[in-house]
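Novice: Sharing a structure with you now.
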Amino acid sequence: MAERLVKLTRVDSNSNGVPSLVNLDNVAWMESNEDGSTRVLFAVTLSRFEHNGEMLWIDVRESLQEIAVLAGIERSTSEEAIAQAWADQTARRDPMDVED
């Protein structure tokens, strides 16, 4: 399976203005920040042995719309598209991380 890589510009406290390649297949979700930047949250935690550990994230200069254009993603709000995204994300999770 080919990875979906997109070049984004980090603006978080770790590396201001550094270009980074982001594998969109590892992204859990993205959130808009008040300043127009985007927080990218990955589908992994900082501690793989700690249940519900802190998620790994970076802030990038590009907006959600810019990221969608760079990645060639078409916006969809259909229930079918949302259900498919949820199924894809659930399939990538480690079965040991599921709450009982």
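The values are calculated or read from the model by the stated rules, or taken from the named source; none is laboratory data. Just so we're clear, the structure is a prediction, and the values are computed from it rather than from any experiment. Every residue, glycine as well, gets a Cβ built from its backbone with ideal geometry; the counts of neighbours run over all protein chains shown.
Novice: Is it the case that GLU31 is part of a helix (DSSP H, G or I), at pLDDT 80 or above and among the charged types (D, E, K, R)?
Specialist: No, not satisfied.
Novice: So, one more: Say whether the condition of being modelled with pLDDT under 75 and touching a strand residue (DSSP E or B) at 6+ places or on another chain (Cβ under 8 Å) is met by at least one residue in segment 47-60.
Specialist: Within segment 47-60, one or more residues are modelled with pLDDT under 75 and touching a strand residue (DSSP E or B) at 6+ places or on another chain (Cβ under 8 Å).
Novice: Given the structure, is VAL11 in contact with a Gly (Cβ under 7 Å, 6 or more places away or on another chain) and at pLDDT 90 or above?
Specialist: Answer is yes for this residue.
Novice: Still on this structure: Are any residues in segment 62-100 at pLDDT 70 or above and of a type outside the set (A, V, I, L, M), and if so, which ones?
Specialist: Those that are at pLDDT 70 or above and of a type outside the set (A, V, I, L, M): GLU62, SER63, GLN65, GLU66, GLY72, GLU79, GLU80, GLN84, TRP86, ASP88.
Novice: In addition: So, of the residues in segment 53-72 that are in contact (Cβ under 8 Å) with a residue 12 or more places away in the chain and assigned to a loop (DSSP other than H, G, I, E, B), which turns out to be surrounded by the most Cβ atoms within 10 Å (Cβ to Cβ)?
Specialist: GLU62
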